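Chemist: Take a look at the following structure, please.
The values are calculated or read from the model by the stated rules, or taken from the named source; none is laboratory data. Predicted model, so just to flag it, every value in this text is computed and none were measured. FYI the Cβ positions are ideal-geometry reconstructions off the backbone, even for glycines, and counts take in every protein chain you see.
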Amino acid sequence: MEVTNMTSMTNMMGQMSQMSLTGLTDIAGTFPRIPLGRWLEAAIDFLVTHLAPATRAFSAVTESGLNLLEAGLDALPPVLLIALMGLVAWRVTRKVALGVFAVAGLALVWNMGLWQATMSTLALVLVATLLAVLVGIPLGIAAAMSDRTRAVVMPVLDVMQTMPAFVYLIPAIPFFGLGKVAAVFATVIFAMPPAIRFTCLGIRQVPAELVECAEAFGTGRFQRLVKLELPLAAPTMLAGVNQTVMLALSMVVIAAMIGARGLGGEVWKAIQRLEMGNGFEAGIGIVIVAICLDRILQHVGKRVGG
(Lines give C-alpha, C1' and ligand atoms only; values in the text may rest on other atoms or scores of the structure.)
Protein backbone atom coordinates (compact mmCIF):
# COMPACT_ATOMS: atom_id res chain seq x y z
CA MET A 1 0.00 0.00 0.00
CA GLU A 2 2.80 2.38 0.92
CA VAL A 3 4.63 1.58 -2.30
CA THR A 4 1.48 2.36 -4.30
CA ASN A 5 1.03 5.71 -2.50
CA MET A 6 4.66 6.68 -3.09
CA THR A 7 4.37 5.79 -6.79
CA SER A 8 1.22 7.90 -7.16
CA MET A 9 2.84 10.85 -5.36
CA THR A 10 5.89 10.61 -7.63
CA ASN A 11 3.67 10.61 -10.71
CA MET A 12 1.72 13.61 -9.41
CA MET A 13 4.95 15.54 -8.74
CA GLY A 14 6.24 14.71 -12.23
CA GLN A 15 2.99 15.92 -13.80
CA MET A 16 3.09 19.14 -11.74
CA SER A 17 6.71 19.86 -12.72
CA GLN A 18 5.90 19.18 -16.37
CA MET A 19 2.91 21.54 -16.19
CA SER A 20 5.04 24.25 -14.56
CA LEU A 21 7.75 23.90 -17.21
CA THR A 22 5.13 24.06 -19.94
CA GLY A 23 3.68 27.19 -18.36
CA LEU A 24 7.09 28.84 -18.17
CA THR A 25 7.72 27.95 -21.80
CA ASP A 26 4.39 29.48 -22.81
CA ILE A 27 5.18 32.64 -20.84
CA ALA A 28 8.63 32.89 -22.41
CA GLY A 29 7.09 32.43 -25.85
CA THR A 30 4.90 35.49 -25.36
CA PHE A 31 7.92 37.82 -25.22
CA PRO A 32 9.53 38.86 -28.54
CA ARG A 33 12.97 37.43 -29.24
CA ILE A 34 15.77 39.98 -28.85
CA PRO A 35 17.60 40.10 -32.21
CA LEU A 36 21.04 40.50 -30.64
CA GLY A 37 22.81 38.60 -33.40
CA ARG A 38 21.15 40.73 -36.08
CA TRP A 39 22.19 43.93 -34.29
CA LEU A 40 25.79 42.75 -34.02
CA GLU A 41 25.83 41.76 -37.68
CA ALA A 42 24.46 45.19 -38.65
CA ALA A 43 27.11 46.89 -36.51
CA ILE A 44 29.89 44.86 -38.14
CA ASP A 45 28.52 45.63 -41.63
CA PHE A 46 28.42 49.34 -40.75
CA LEU A 47 32.02 49.30 -39.52
CA VAL A 48 33.21 47.32 -42.54
CA THR A 49 31.60 49.86 -44.87
CA HIS A 50 32.78 53.02 -43.11
CA LEU A 51 36.22 51.84 -41.98
CA ALA A 52 37.25 50.43 -45.35
CA PRO A 53 40.07 52.99 -45.95
CA ALA A 54 41.51 52.36 -42.47
CA THR A 55 41.33 48.57 -42.81
CA ARG A 56 42.96 48.71 -46.24
CA ALA A 57 45.80 50.84 -44.87
CA PHE A 58 46.23 48.53 -41.87
CA SER A 59 46.19 45.52 -44.16
CA ALA A 60 48.83 46.99 -46.48
CA VAL A 61 51.17 48.02 -43.65
CA THR A 62 50.76 44.76 -41.72
CA GLU A 63 51.22 42.56 -44.77
CA SER A 64 54.32 44.49 -45.82
CA GLY A 65 55.80 44.18 -42.35
CA LEU A 66 55.05 40.46 -42.21
CA ASN A 67 56.53 39.81 -45.63
CA LEU A 68 59.64 41.84 -44.82
CA LEU A 69 60.20 40.06 -41.51
CA GLU A 70 59.62 36.62 -43.04
CA ALA A 71 61.99 37.43 -45.90
CA GLY A 72 64.65 38.54 -43.43
CA LEU A 73 64.30 35.39 -41.33
CA ASP A 74 64.32 33.15 -44.41
CA ALA A 75 67.42 34.94 -45.78
CA LEU A 76 69.48 33.91 -42.75
CA PRO A 77 70.96 30.40 -42.93
CA PRO A 78 69.22 28.09 -40.44
CA VAL A 79 72.53 27.11 -38.84
CA LEU A 80 73.38 30.77 -38.17
CA LEU A 81 69.94 31.55 -36.75
CA ILE A 82 69.99 28.45 -34.53
CA ALA A 83 73.42 29.41 -33.16
CA LEU A 84 72.28 33.00 -32.65
CA MET A 85 69.17 31.89 -30.77
CA GLY A 86 71.22 29.62 -28.53
CA LEU A 87 73.70 32.44 -27.84
CA VAL A 88 70.91 34.89 -26.97
CA ALA A 89 69.24 32.34 -24.67
CA TRP A 90 72.54 31.68 -22.88
CA ARG A 91 73.54 35.36 -22.57
CA VAL A 92 70.17 36.52 -21.30
CA THR A 93 69.47 33.70 -18.86
CA ARG A 94 73.09 32.87 -17.92
CA LYS A 95 72.07 29.20 -18.16
CA VAL A 96 73.97 26.87 -20.45
CA ALA A 97 71.13 24.34 -20.30
CA LEU A 98 68.67 26.74 -21.92
CA GLY A 99 71.15 27.64 -24.65
CA VAL A 100 71.69 23.95 -25.39
CA PHE A 101 67.92 23.36 -25.38
CA ALA A 102 67.36 26.23 -27.83
CA VAL A 103 70.01 24.89 -30.21
CA ALA A 104 68.83 21.27 -29.94
CA GLY A 105 65.15 22.20 -30.21
CA LEU A 106 65.51 24.44 -33.24
CA ALA A 107 67.81 21.88 -34.87
CA LEU A 108 65.06 19.30 -34.38
CA VAL A 109 62.55 21.66 -36.00
CA TRP A 110 64.90 22.12 -38.95
CA ASN A 111 65.44 18.36 -39.20
CA MET A 112 61.64 17.77 -39.32
CA GLY A 113 61.35 20.07 -42.33
CA LEU A 114 59.37 22.72 -40.43
CA TRP A 115 61.90 25.53 -40.53
CA GLN A 116 60.05 27.79 -42.98
CA ALA A 117 56.75 27.22 -41.15
CA THR A 118 58.46 28.08 -37.87
CA MET A 119 59.83 31.33 -39.27
CA SER A 120 56.38 32.22 -40.58
CA THR A 121 54.89 31.56 -37.15
CA LEU A 122 57.63 33.53 -35.41
CA ALA A 123 57.07 36.51 -37.74
CA LEU A 124 53.31 36.44 -37.10
CA VAL A 125 53.79 36.23 -33.33
CA LEU A 126 56.34 39.08 -33.28
CA VAL A 127 54.16 41.39 -35.38
CA ALA A 128 51.01 40.58 -33.40
CA THR A 129 52.82 41.06 -30.08
CA LEU A 130 54.26 44.39 -31.22
CA LEU A 131 50.82 45.68 -32.21
CA ALA A 132 49.22 44.36 -29.02
CA VAL A 133 51.87 46.06 -26.88
CA LEU A 134 51.65 49.34 -28.82
CA VAL A 135 47.91 49.46 -28.16
CA GLY A 136 47.78 47.71 -24.78
CA ILE A 137 50.41 49.63 -22.81
CA PRO A 138 48.91 53.10 -23.49
CA LEU A 139 45.47 51.75 -22.56
CA GLY A 140 46.94 50.28 -19.38
CA ILE A 141 48.57 53.60 -18.50
CA ALA A 142 45.28 55.43 -19.11
CA ALA A 143 43.41 52.93 -16.93
CA ALA A 144 45.96 53.34 -14.14
CA MET A 145 45.81 57.14 -14.25
CA SER A 146 42.02 57.47 -14.42
CA ASP A 147 39.47 55.58 -12.32
CA ARG A 148 36.76 56.31 -14.88
CA THR A 149 38.83 54.84 -17.69
CA ARG A 150 39.61 51.82 -15.54
CA ALA A 151 35.91 51.31 -14.78
CA VAL A 152 35.24 51.16 -18.52
CA VAL A 153 38.29 49.16 -19.62
CA MET A 154 38.25 46.37 -17.01
CA PRO A 155 34.76 45.00 -17.77
CA VAL A 156 35.67 44.98 -21.47
CA LEU A 157 38.81 42.99 -20.65
CA ASP A 158 36.73 40.55 -18.60
CA VAL A 159 34.52 39.92 -21.62
CA MET A 160 37.53 39.61 -23.94
CA GLN A 161 39.26 37.08 -21.71
CA THR A 162 36.17 34.91 -21.23
CA MET A 163 35.14 34.96 -24.90
CA PRO A 164 35.97 31.72 -26.77
CA ALA A 165 39.00 32.16 -28.99
CA PHE A 166 37.13 31.05 -32.11
CA VAL A 167 34.79 34.05 -31.81
CA TYR A 168 37.65 36.43 -32.61
CA LEU A 169 37.86 34.95 -36.08
CA ILE A 170 34.33 36.17 -36.93
CA PRO A 171 35.02 39.95 -37.18
CA ALA A 172 38.46 39.39 -38.70
CA ILE A 173 37.09 37.82 -41.89
CA PRO A 174 34.71 40.63 -43.00
CA PHE A 175 37.32 43.29 -42.21
CA PHE A 176 40.36 41.65 -43.81
CA GLY A 177 39.20 38.49 -45.58
CA LEU A 178 41.14 35.26 -45.38
CA GLY A 179 44.90 35.49 -44.95
CA LYS A 180 47.70 36.49 -42.64
CA VAL A 181 46.38 39.99 -41.90
CA ALA A 182 43.10 38.61 -40.57
CA ALA A 183 45.11 36.17 -38.46
CA VAL A 184 47.24 39.01 -37.07
CA PHE A 185 44.12 41.05 -36.25
CA ALA A 186 42.46 38.17 -34.41
CA THR A 187 45.70 37.37 -32.57
CA VAL A 188 46.16 40.99 -31.48
CA ILE A 189 42.65 41.21 -30.05
CA PHE A 190 43.02 37.85 -28.31
CA ALA A 191 46.49 38.55 -26.85
CA MET A 192 46.07 42.20 -25.85
CA PRO A 193 44.32 41.97 -22.41
CA PRO A 194 47.40 40.89 -20.36
CA ALA A 195 49.40 43.87 -21.64
CA ILE A 196 46.63 46.22 -20.48
CA ARG A 197 46.02 44.52 -17.13
CA PHE A 198 49.65 44.13 -16.10
CA THR A 199 50.52 47.71 -17.08
CA CYS A 200 47.63 49.06 -15.03
CA LEU A 201 48.49 46.76 -12.13
CA GLY A 202 52.19 47.68 -12.15
CA ILE A 203 51.54 51.42 -12.08
CA ARG A 204 48.86 51.21 -9.40
CA GLN A 205 51.14 49.09 -7.18
CA VAL A 206 53.78 51.82 -6.94
CA PRO A 207 54.06 52.61 -3.20
CA ALA A 208 52.02 55.65 -2.19
CA GLU A 209 54.95 56.95 -0.11
CA LEU A 210 57.12 57.26 -3.21
CA VAL A 211 54.34 59.03 -5.09
CA GLU A 212 53.86 61.50 -2.22
CA CYS A 213 57.62 62.08 -2.05
CA ALA A 214 57.72 62.83 -5.79
CA GLU A 215 54.79 65.21 -5.44
CA ALA A 216 56.51 66.95 -2.53
CA PHE A 217 59.47 67.70 -4.82
CA GLY A 218 57.12 69.36 -7.29
CA THR A 219 57.07 66.77 -10.09
CA GLY A 220 54.22 66.98 -12.57
CA ARG A 221 51.90 64.10 -13.47
CA PHE A 222 53.70 63.22 -16.69
CA GLN A 223 57.15 63.59 -15.13
CA ARG A 224 56.14 61.35 -12.22
CA LEU A 225 54.81 58.74 -14.65
CA VAL A 226 57.97 58.66 -16.77
CA LYS A 227 60.61 58.91 -14.05
CA LEU A 228 58.99 57.02 -11.17
CA GLU A 229 55.97 54.88 -11.97
CA LEU A 230 56.96 53.34 -15.31
CA PRO A 231 60.47 52.27 -14.16
CA LEU A 232 59.03 50.66 -11.02
CA ALA A 233 56.23 49.02 -13.02
CA ALA A 234 58.56 47.72 -15.76
CA PRO A 235 58.93 44.15 -14.36
CA THR A 236 55.16 43.75 -14.11
CA MET A 237 54.72 45.22 -17.58
CA LEU A 238 57.26 42.76 -19.00
CA ALA A 239 55.34 39.92 -17.36
CA GLY A 240 52.31 41.18 -19.28
CA VAL A 241 54.32 41.20 -22.50
CA ASN A 242 55.38 37.62 -21.76
CA GLN A 243 51.76 36.57 -21.33
CA THR A 244 50.88 38.38 -24.56
CA VAL A 245 53.51 36.37 -26.46
CA MET A 246 52.22 33.10 -24.99
CA LEU A 247 48.62 33.93 -25.91
CA ALA A 248 49.72 34.88 -29.42
CA LEU A 249 51.41 31.50 -29.79
CA SER A 250 48.31 29.72 -28.49
CA MET A 251 46.22 31.55 -31.09
CA VAL A 252 48.46 30.44 -33.95
CA VAL A 253 46.71 27.10 -34.43
CA ILE A 254 43.24 28.63 -34.31
CA ALA A 255 44.22 31.45 -36.66
CA ALA A 256 45.35 28.84 -39.18
CA MET A 257 41.66 28.31 -39.93
CA ILE A 258 41.59 31.71 -41.64
CA GLY A 259 44.90 31.44 -43.46
CA ALA A 260 47.68 32.02 -40.91
CA ARG A 261 49.83 29.16 -42.27
CA GLY A 262 53.04 28.50 -40.35
CA LEU A 263 53.11 25.78 -37.69
CA GLY A 264 49.44 26.34 -36.98
CA GLY A 265 48.71 25.70 -40.64
CA GLU A 266 50.62 22.43 -40.43
CA VAL A 267 48.56 21.37 -37.41
CA TRP A 268 45.31 22.33 -39.13
CA LYS A 269 46.34 20.46 -42.28
CA ALA A 270 47.17 17.38 -40.20
CA ILE A 271 43.76 17.53 -38.52
CA GLN A 272 41.98 17.71 -41.88
CA ARG A 273 43.98 14.80 -43.29
CA LEU A 274 44.12 12.74 -40.07
CA GLU A 275 47.92 12.81 -40.17
CA MET A 276 48.57 12.43 -36.44
CA GLY A 277 52.36 12.25 -36.70
CA ASN A 278 52.68 15.46 -38.70
CA GLY A 279 50.32 17.23 -36.31
CA PHE A 280 52.39 16.22 -33.29
CA GLU A 281 55.59 17.32 -35.01
CA ALA A 282 54.16 20.80 -35.67
CA GLY A 283 52.86 20.93 -32.08
CA ILE A 284 56.33 20.09 -30.76
CA GLY A 285 57.72 22.94 -32.88
CA ILE A 286 55.26 25.38 -31.28
CA VAL A 287 56.23 24.14 -27.80
CA ILE A 288 59.95 24.62 -28.49
CA VAL A 289 59.44 28.18 -29.71
CA ALA A 290 57.17 28.94 -26.75
CA ILE A 291 59.67 27.64 -24.16
CA CYS A 292 62.55 29.61 -25.66
CA LEU A 293 60.61 32.89 -25.81
CA ASP A 294 59.07 32.39 -22.36
CA ARG A 295 62.36 31.73 -20.57
CA ILE A 296 64.14 34.60 -22.31
CA LEU A 297 61.37 37.10 -21.49
CA GLN A 298 61.17 35.87 -17.89
CA HIS A 299 64.85 36.53 -17.31
CA VAL A 300 64.65 39.92 -19.02
CA GLY A 301 61.89 40.82 -16.55
CA LYS A 302 63.99 39.64 -13.61
CA ARG A 303 66.95 41.70 -14.78
CA VAL A 304 64.82 44.81 -15.13
CA GLY A 305 63.33 44.18 -11.70
CA GLY A 306 66.72 43.54 -10.17
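Chemist: If I filter the range 257-269 down to residues being in contact (Cβ under 8 Å) with a residue 60 or more places away in the chain and part of a helix (DSSP H, G or I), which single residue comes out as surrounded by the fewest Cβ atoms within 10 Å (Cβ to Cβ)?
Modeler: M257
Chemist: Could you tell me whether I203 is touching a Gly at 6+ places or on another chain (Cβ under 8 Å), more than 30 Å from E70 (Cα to Cα) and in contact (Cβ under 8 Å) with a residue 12 or more places away in the chain?
Modeler: Details: touching a Gly at 6+ places or on another chain (Cβ under 8 Å): yes; more than 30 Å from E70 (Cα to Cα): yes; in contact (Cβ under 8 Å) with a residue 12 or more places away in the chain: yes.
So I203 fits the description; yes.
Chemist: How many residues, within the range 155-170, are out of contact with any helix residue (DSSP H, G or I) (no Cβ under 7 Å at 6 or more places or on another chain) and either hydrophobic (A, V, I, L, M, F, W, C) or touching a residue at least 24 places away in the same chain (Cβ under 8 Å) (or both)?
Modeler: The total comes to 5.
Chemist: Right, something else. Looking at the range 232-256, I want the residues that are at pLDDT below 90 and have a partner that is of a type outside the set (S, T, N, Q) and not in a helix (DSSP H, G or I) with Cβ atoms under 8 Å, at least 6 apart or on another chain. Which pairs are those?
Modeler: Once the first residue is at pLDDT below 90 and sits in the range 232-256, its partners that are of a type outside the set (S, T, N, Q) and not in a helix (DSSP H, G or I) give L232/V206; A233/V206; V252/A260.
Chemist: Here's a follow-up. Do you know which residues across the range 183-203 are aliphatic (A, V, I, L, M) and more than 14 Å from the chain's Cα centre (by Cα)?
Modeler: The answer is L201, I203.
Chemist: Okay, next question. Which condition breaks for A290 when tested against (1) assigned to a helix (DSSP H, G or I); (2) crowded, with 17+ Cβ neighbours inside 10 Å; (3) at pLDDT below 85?
Modeler: (3)
Chemist: For the range 215-239, enumerate the residues that are surrounded by 12 or more Cβ atoms within 10 Å (Cβ to Cβ) and more than 25 Å from R303 (Cα to Cα).
Modeler: Within the range 215-239, E215, T219 meet the criteria.
Chemist: I've got another one for you. Quick check, is P164 surrounded by fewer than 18 Cβ atoms within 10 Å (Cβ to Cβ), over 26 Å from Q272 (Cβ atoms) and at pLDDT below 90?
Modeler: Values: surrounded by fewer than 18 Cβ atoms within 10 Å (Cβ to Cβ): yes; over 26 Å from Q272 (Cβ atoms): no; at pLDDT below 90: yes.
So P164 does not fit the description; no.
Chemist: Kindly establish whether E63 is of a type in the set (D, E, K, R), within 25 Å of V287 (Cα to Cα) and either assigned to a helix (DSSP H, G or I) or touching a residue at least 12 places away in the same chain (Cβ under 8 Å) (or both). Steps first, please.
Modeler: Numbers: of a type in the set (D, E, K, R): yes; within 25 Å of V287 (Cα to Cα): no; either assigned to a helix (DSSP H, G or I) or touching a residue at least 12 places away in the same chain (Cβ under 8 Å) (or both): yes.
Spelling it out, it is not the case that E63 is of a type in the set (D, E, K, R), within 25 Å of V287 (Cα to Cα) and either assigned to a helix (DSSP H, G or I) or touching a residue at least 12 places away in the same chain (Cβ under 8 Å) (or both).
Chemist: A further question follows. Look at T129 and say whether it is crowded, with 17+ Cβ neighbours inside 10 Å, hydroxyl-bearing (S, T, Y) and within 30 Å of Q161 (Cα to Cα).
Modeler: yes
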